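Trainee: Below you will find the structure I want to go over with you.
The values are calculated or read from the model by the stated rules, or taken from the named source; none is laboratory data. These numbers come from a predicted model, not from an experiment. Every residue, glycine among them, receives a Cβ derived from its backbone with ideal geometry; neighbour counts consider all protein chains shown. To get the accessible areas, we keep the full protein, side chains included, count just its heavy atoms, and leave off ligands, DNA and RNA. Shrake-Rupley method; radii C 1.70, N 1.55, O 1.52, S 1.80 Å.
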Amino acid sequence: MTTQPNAEAILEFQGLTKTFVTPIGVIGHVANLFGARVKKTEIKAVAGVDLQVRRGEVVGIVGESGCGKSTVARMLAGISSLSAGEISYQGVRLPDMTREQRRAFDLGVQMIFQDPFASLNPRMRVVDIIGEPAVVHGIVKSSEKRDYVIELMEKVGLSGAYADRYPHQFSGGQRQRIGIARALAVKPSILICDEAVAALDVSIQAQVLNLFMDLREEFDLTYLFISHNLGVVEHISDRVVIMYLGKAVEVASTEDLFDNPNHPYTRLLLDQLPLLEARERDYQPIIGELPSPLDPPPGCPFHPRCPHVMDRCRSEMPQLLPVGPDRVSACHLNAPV
Amino acid sequence: MIPTDNARAQDAGSLLSIKGLKTYFATRAGVVKAVDGVDIELAKGEILGLVGESGSGKSITGFSILGLIDPPGRIVSGSMSYNGKDLTALDEEGWRQLRGGDIAMIFQDPSMTLNPVLRIDAQMIEAMQAHANVGPAQAYARAREVLVMVGIPSPDERLRSYPHELSGGMRQRIAIAIALMNKPGLIIADEPTTALDVSIQGQIIHEIKKLCRQVGTALIWVTHDLAVVAGLADRIAVMYAGRIVELGTAEEIIENPRHPYTKGLIESVPSRSTRGSRLHQIPGMTPSLLNLPQGCAFRERCAYAVSACGDEPLNTVEAGGRTYRCWNPLGGPRP
């Protein structure tokens with residue numbers, strides 16, 4: 001990674017890794033007694049990702065399903081544990097944090113989920129969904145909860161009159177606004193949006209994206225915006241991370257990345273983006289599919305699908321190296337031997 | 001040789017003709033007018049993009065053409081004919097012959113359409129034998145042939161696998177291959193790439209378009225994503241609240257929309273030209289189909305609404321077959 005002055009980085013992580021292990025299980029152990037050689041399976045969902053997130057910026061994380069982008073989000077939000085690597089928040093490493101600093105981190109990083117139907121408790125009223133975290137964490141007094149919630153609801157474009165309704169009484173777009181208000185209730189500095197607009201219709205998606213931009217200015221927020229939709233990421237992000245099979249393959253500013261992609265995978269991905277142009281398009285499809293993370297190919301993970309594959313790619317994993325000011329890419333084409 | 005759009009429209013006759021289709025659902029809360037007067041003319045080999053947001057009736061239109069409306073839904077009125085055959089008069093056996101034979105369907109979720117306990121070869125052979133009097137060997141050969149057509153590597157191996165052994169993109173290709181088995185004249189594809197990654201979506205669109213042009217199959221591609229059909233369809237129909245509000249060639253619709261809703265949809269798509277600025281947003285949300293406002297259903301969200309919009313807008317037909325329903329269309333008054 002490029003080394004930036006640390007003061008700017010609100011959130012920093014290094015070597016972030018998540019390994020999912022399927023244990024052998026009782027039956028497997030019994031079978032092994034008879035010589036079956038059942039082994040535990042390990043999946044490296046995220047295989048060492050480094051990133052510095054600067055205060056106030058919007059970082060987009062893009063990749064196909066299974067590339068580990070959601071797992072990164074869940075580790076940063078504290079939902080998943082880390083298998084390896086470390087996270088620093090406001091310049092302090094997670095294990096070195098005092099109790100107060102840890103609390104500030106836990107509340108400071110909030111997540112907004114993809115499915116507005118599954119991420120709200122159907123048996124709770126909106127006033128409790130949004131207000132309860134703030135009361136529990138002592139941000140508002142219980143008696144002031146209702147006013148606090150109504151103020152937040154109006155900030156995200158919902159009428160405060162709906163505070164006593166249940167989630168099922170709202171449309172998908174409105175529910176996503178409830179989810180946003182819930183995240184804002186604990187006064188976070190970073191919002192992690194995991195496919196937060198993917199389930200919404202185009203016209204509603206535009207409303208929610210605008211809301212994100214308005215809130216960014218009003219609350220001085222930093223965003224990690226995870227999406228498979230390149231159009232959305234291009235619209236909203238300052239910097240973009242392209243992930244492939246658990247690794248970041250290219251990190252660059254949005255302009256650089258979309259004008260002049262470096263990594264062959266980024267280039268192919270951009271070619272796939274459907275454009276709003278009534279033109280017969282000659283798709284040059286990416287050949288093959290994402291390999292299984294159970295059995296990642298040796299060397300560069302993209303080499304079986306890459307049009308520029310060389311011998312070196314089959315054996316040696318390319319490192320993320322600078323390819324310009326403030327941009328890195330992991331491809332052997334950039335570093336001829 | 002692939003004929004140009006104009007030549008194709010001229011030499012090919014009408015394949016599908018739908019007039020005044022109304023599909024209503026009688027619910028406890030009232031009658032939901034999911035499809036409320038839809039007219040579609042489709043030529044042989046033509047690709048039509050049917051675009052709309054959730055609840056616009058785009059999928060129900062597709063299901064109605066194949067008689068896949070379950071109670072409490074009912075086709076209340078309208079005429080549908082395929083190759084001159086009246087679809088509304090079909091009995092169960094007639095529908096069975098039609099589905100998967102003359103008209104095939106591809107659904108959004110391939111893991112729901114494939115039988116999880118049958119191997120791919122069994123499912124494909126069954127689909128062929130349901131419509132043609134062929135032996136298993138012949139059907140297997142055809143299955144292998146269509147798998148190659150949709151770009152599946154090592155087809156023999158794939159034929160022996162079960163659906164759970166395949167990836168989502170591979171399953172959707174199998175579903176497309178099954179749709180192609182009996183050389184249908186029309187394929188209705190309901191959001192077939194929505195559940196797939198961009199890279200796989202690109203492959204599938206590429207393959208389907210190539211196949212339709214080669215074989216001369218007509219295609220109705222139902223989607224919420226205008227950008228997907230912009231580069232795929234010959235003509236695009238935009239649906240809102242159960243009606244087609246605008247229909248024209250892909251170029252006309254994308255570059256010169258007449259209906260304010262179409263314009264709003266186009267402008268709310270995020271892209272690089274919108275970077276750093278606010279997206280145009282259509283205010284409000286889709287009205288409930290239970291109680292649509294009087295007159296134009298889009299009136300309350302429309303920036304161009306005039307007093308005439310309190311009355312139901314008529315379907316205006318322009319020269320060249322372009323239609324729209326609007327009292328105050330963009331780019332000049334009604335002809």
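Trainee: How big is the C-alpha Rg of the stretch B:114-183 next to the rule-of-thumb value 2.2 N^0.38 Å, as a ratio? Before the final figure, lay out each step's value.
Mentor: Numbers: Rg = 10.8 Å, N = 70, 2.2 N^0.38 = 11.1 Å.
With N residues counted in the stretch B:114-183, Rg over 2.2 N^0.38 Å equals 0.97.
Trainee: Among B:Cys326, B:Val245, A:Val26, whose Cα sits farthest toward the positive end of the charge dipole of the protein assembly as shown (+1 at Cβ of Lys/Arg, -1 at Cβ of Asp/Glu, about the Cα centre)?
Mentor: The listed residue farthest towards the positive side: A:Val26.
Trainee: What nm value, rounded to one decimal, do you get for the distance between A:Leu333 and B:Val76 when each label is placed 7 Å out toward the C-beta?
Mentor: 5.8
Trainee: Using 0.36 nm per residue of separation minus the Cα-Cα distance, give me the extension gain between B:Val134 and B:Asn115 in nm, one decimal.
Mentor: 4.6 nm
Trainee: Still on this structure, I have one more. Determine, for each peptide in A:70-80, B:290-300, the mean count of other beta carbons within 10 angstrom over its residues, then list the peptides with the highest first.
Mentor: The densest-packed peptide leads the list: A:70-80, B:290-300.
Trainee: Per residue and in Å³, how big is the convex hull formed by the alpha-carbon atoms of the stretch A:107-174?
Mentor: Hull volume normalised by residue count: 95 Å³.
Trainee: Give the accessible surface of the stretch B:114-183 per residue, rounded to a whole number of Å², with probe radius 1.4 Å and ligands, DNA and RNA excluded.
Mentor: Details: 3200 Å² over 70 residues.
Heavy-atom SASA per residue in the stretch B:114-183 reads 46 Å².
Trainee: A further question on this structure: Show me, bin by bin at 20 Å from 0, the whole-percent P(r) of chain A based on Cα pairs.
Mentor: Calculated over all Cα pairs of chain A, the distribution is 28, 53, 18, 0 percent.
Trainee: Using the C-alpha atoms of chain B, what convex hull volume per residue, in cubic angstrom, is computed? Please report the intermediate quantities before stating the final value.
Mentor: Details: hull volume 52.8 nm³, N = 335.
Dividing the Cα hull volume of chain B by its residue count gives 158 Å³.
Trainee: In addition: Let me spell out the model: positive unit charges on the Cβ of Lys and Arg, negative unit charges on the Cβ of Asp and Glu, origin at the Cα centre of the protein assembly as shown. What dipole size does that give, in debye rounded to 20?
Mentor: Charge dipole of the protein assembly as shown: 1020 debye, to the nearest 20.
Trainee: Which of B:Thr223, B:Thr194, B:Thr27 moves most in a GNM of chain B, Cα contacts under 10 Å?
Mentor: Fluctuation is largest for B:Thr27.
Trainee: In addition: Taking accessible area as the heavy-atom solvent-accessible surface of the protein chains with a 1.4 Å probe, which residues of the stretch A:63-78 lose no less than 40 Å² upon going from the isolated chain to the full protein assembly?
Mentor: Residues passing the criterion (a loss of at least 40 Å², heavy atoms only) are A:Glu64.
Trainee: A further question on this structure: Compute a Gaussian network model of chain A, connecting alpha carbons closer than 10 Å, and tell me which residue from A:Lys40, A:Lys69, A:Lys155 fluctuates the most.
Mentor: So, out of A:Lys40, A:Lys69, A:Lys155, the one fluctuating most is A:Lys40.
Trainee: Next question, about the same structure. Give the calculated FRET efficiency between A:Met310 and A:Asn260 to the nearest 0.05, with a Förster radius of 22 Å applied to their Cβ-Cβ distance.
Mentor: The calculated FRET efficiency here is 0.55.
Trainee: How large a share of the accessible area of the protein assembly as shown, in percent, is made up of carbon and sulfur atoms when the probe is 1.4 Å and the other protein chains stay in place?
Mentor: About 52 percent, which is the carbon plus sulfur part of the accessible surface.
Trainee: Report the A-B buried area as the accessible area lost on both sides summed, probe 1.4 Å, in Å² to the nearest 100.
Mentor: 3700
Trainee: Using a 10 angstrom cutoff on alpha carbons, build the Gaussian network for chain B and name the most mobile of B:Glu191, B:Glu46, B:Glu267.
Mentor: Maximum among the listed residues: B:Glu267.
Trainee: In what sequence, highest mean first, do B:306-314, B:102-110, B:56-64 appear when ranked by Cβ atoms within 10 angstrom?
Mentor: B:56-64, B:102-110, B:306-314
Trainee: Rounded to the nearest Å, what's the spacing between the alpha carbon centres of the stretch B:123-163 and the stretch B:210-235? Just the number, please.
Mentor: 24
Trainee: In peptide A:172-179, what is the residue-averaged number of other protein chain Cβ atoms found within 10 Å of each Cβ?
Mentor: Across the residues of A:172-179, the mean count of other-chain Cβ atoms within 10 Å is 1.
Trainee: Let me ask something else about it. So if we plug the beta-carbon distance of A:Leu321 and A:Val30 into 1/(1 + (r/R0)^6) with R0 = 56 Å, what FRET efficiency do we get, rounded to 0.05?
Mentor: 0.70
Trainee: In nm, to one decimal, how far is the modelled label at B:Thr316 from the one at A:Asp214, with both set 7 Å along Cα→Cβ?
Mentor: Placing both labels 7 Å along Cα→Cβ, they lie 3.3 nm apart.
Trainee: Also: Is there a pair in B:Lys19/B:Lys44; A:Lys69/B:Lys263; A:Lys44/B:Lys210 whose C-alpha atoms are over 28 Å apart, and which pairs would that be?
Mentor: With Cα atoms farther than 28 Å apart: A:Lys69/B:Lys263; A:Lys44/B:Lys210.
Trainee: Could you tell me whether the protein assembly as shown comes out rounded, prolate or oblate from its Cα gyration tensor? Rule is a ≥ b ≥ c as square roots of the eigenvalues, rounded for a/c under 1.5, then prolate if a/b exceeds b/c, otherwise oblate.
Mentor: Because a/c hits 1.5 or more and a/b fails to exceed b/c, the protein assembly as shown counts as oblate.
Trainee: A further question follows. Over the Cα atoms of the stretch B:177-308, compute the convex hull volume and normalise it per residue, giving Å³.
Mentor: 151
Trainee: Next question. Please get the size of the charge dipole for chain B, origin at its Cα centre, with Cβ charges of +1 on Lys and Arg and -1 on Asp and Glu, quoted in debye to the nearest 20.
Mentor: Details: 34 positive and 35 negative charges, 69 e Å.
With only Lys, Arg, Asp and Glu charged at Cβ, the dipole is about 340 debye.
Trainee: Continuing with the same structure: Mind checking the full-extension length gain between B:Lys183 and B:Gln214? Use 0.36 nm per residue of separation minus the Cα-Cα distance, one decimal, nm.
Mentor: 10.0 nm
Trainee: For the stretch B:114-183, with only Lys/Arg (+1) and Asp/Glu (-1) charged at the beta-carbon, what is the dipole magnitude about the Cα centre, in debye rounded to 20?
Mentor: Numbers: 8 positive and 6 negative charges, 25 e Å.
Approximately 120 debye in magnitude.
Trainee: Hey, another quick one. Between A:Glu100 and A:Phe20, what is the label-to-label distance in nm when each label sits 7 Å out along the Cα-to-Cβ direction?
Mentor: 4.0
Trainee: Along the charge dipole of the stretch B:114-183, Cβ charges K/R +1 and D/E -1, which of B:Gly135, B:Val146, B:Pro163 sits furthest on the positive end?
Mentor: Comparing the listed Cα positions along the dipole, B:Val146 ranks first.
Trainee: Considering only the protein assembly as shown, what is the antiparallel percent among its DSSP beta bridges, to the nearest 5?
Mentor: Working: 61 of 98 bridges.
Expressed as a percentage, antiparallel bridges in the protein assembly as shown total about 60.
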